1. Any residue at all in region 174-186 that is at pLDDT 95 or above and buried (at least 22 other Cβ atoms within 10 Å of the Cβ)?
2. Suppose the filter is in a helix (DSSP H, G or I) and touching a Phe, Trp or Tyr at 6+ places or on another chain (Cβ under 9 Å); does His152 pass it?
3. Which residues, taken from region 103-129, are buried (at least 20 other Cβ atoms within 10 Å of the Cβ) and among the hydrophobic types (A, V, I, L, M, F, W, C)?
4. So which of Ala205, Ala223 is modelled with pLDDT of 95 or more, out of contact with any strand residue (DSSP E or B) (no Cβ under 8 Å at 6 or more places or on another chain) and either buried (at least 20 other Cβ atoms within 10 Å of the Cβ) or closer than 28 Å to Gln133 by Cα (or both)?
5. Residues being in a loop (DSSP other than H, G, I, E, B), farther than 25 Å from Arg43 by Cα and not small (Gly, Ala, Ser): count how many of those fall in region 91-127.
6. Cβ-Cβ below 6 Å, separation at least six or inter-chain, first residue in region 96-123 and touching a residue at least 60 places away in the same chain (Cβ under 8 Å), second part of a helix (DSSP H, G or I) and buried (at least 24 other Cβ atoms within 10 Å of the Cβ): which pairs?
7. Taking region 10-47 only, how many residues are closer than 30 Å to Val132 by Cβ and over 15 Å from the mean Cα position of the chain (by Cα)?
Amino acid sequence: MDTVQLGNVTVSRLILGGNPFSGFSHQNPTRDREMLAYFTTARIKETMQQAEALGINTFLGRADAHIRRTLIEYWNDGGRIQWLAQTAPEFASLSANVAGAIGTGAAAVYLHGGQMDFLVAQGQLDVIRSFVQQVKDAGVAVGVAGHNPGVHVWANENLKLDFHMCSYYNPTPRDENAEHVHGAVEVFAAEDRDAMAATIATLRAPAIHYKIFAAGRADPGEAFAFVAQHLRPQDAVCIGIYQRNKPDMLAEDVRLFEEALARQQG
């Protein structure tokens, strides 16, 4: 699989996302619980092994105790997938959360999208700058996520980042609360996707396109076709999978992604 460069990290253009592993379906609380029940440590490790076999060299997941412990076990078993760590907003100390991720072996750390949306909305810009500096001082690639295109515009103008994590959709406003609320009404609007795609085109640093499937609401073929139209040479894509009823889902997604890129290039 082709790769791109995020700072000092070489990542596959398709990245395995970890939201389903942590029960974030962005559909409803019942599906959240189903995902948590399905994704035992063994199944998470099996999914990572499958990703590596398909040429995916990077996993993107939360910097919480569950994911950190699972990765340590996976690496101890001989797994080689690298970790782009997402900060976990429930931690009282952002700096301690970052230190824990780096200490566990994160190849990169990025600020959680809800946190970024919240901090920009609240004017807590020094917190963001301190986060970026802490990660840079550790010699680790640094990025920020965001569901609101405006936060990426601000970051592009004011921060020196290795990458942006750009959500195609802005399901729930995070201006007053950084954390995801399970069961909240979420809206996946086409105009949000268009707005983020237009913003990505203006960014200096590479972008990782995520939530491309609208949390299972979009047709995968159409979603990858849209991605292929807007993926710059320096960009990558992150997808989460829930393969309970479709064991070959990841292999199919890799095929659809590569076919969409081939059609766009040819």
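1. If we filter region 174-186 for residues that are at pLDDT 95 or above, which is where we start, we get none.
No, every residue in region 174-186 fails to be at pLDDT 95 or above and buried (at least 22 other Cβ atoms within 10 Å of the Cβ).
2. Taking the combined requirement at face value, the residue does not satisfy it.
3. Just the residues of region 103-129 that are buried (at least 20 other Cβ atoms within 10 Å of the Cβ), to begin with: 106-120, 128.
Answer for region 103-129, where residues must be buried (at least 20 other Cβ atoms within 10 Å of the Cβ) and among the hydrophobic types (A, V, I, L, M, F, W, C): Ala106, Ala107, Ala108, Val109, Leu111, Met116, Phe118, Leu119, Val120, Ile128.
4. Details: Ala205 fails: out of contact with any strand residue (DSSP E or B) (no Cβ under 8 Å at 6 or more places or on another chain).
Being modelled with pLDDT of 95 or more, out of contact with any strand residue (DSSP E or B) (no Cβ under 8 Å at 6 or more places or on another chain) and either buried (at least 20 other Cβ atoms within 10 Å of the Cβ) or closer than 28 Å to Gln133 by Cα (or both) holds for just one of Ala205, Ala223, which is Ala223.
5. Step one: list which residues in region 91-127 are in a loop (DSSP other than H, G, I, E, B), which gives 91-93, 105-107, 112, 122-124.
After this cut, where a residue has to be farther than 25 Å from Arg43 by Cα as well, the list is 91-93, 122-124.
Next, from what is left, pick out any that are not small (Gly, Ala, Ser): 91, 122, 124.
Residues flagged as in a loop (DSSP other than H, G, I, E, B), farther than 25 Å from Arg43 by Cα and not small (Gly, Ala, Ser) within region 91-127 amount to 3.
6. Note: pairs meeting the criteria are Asp117/Val151.
7. Here the count works out to 2.
The values are calculated or read from the model by the stated rules, or taken from the named source; none is laboratory data. Remember, predicted model here, so these are calculated numbers, not experimental data. Please note: Cβ atoms are built from the backbone with ideal geometry, for glycine as well, and neighbour counts cover all protein chains shown.
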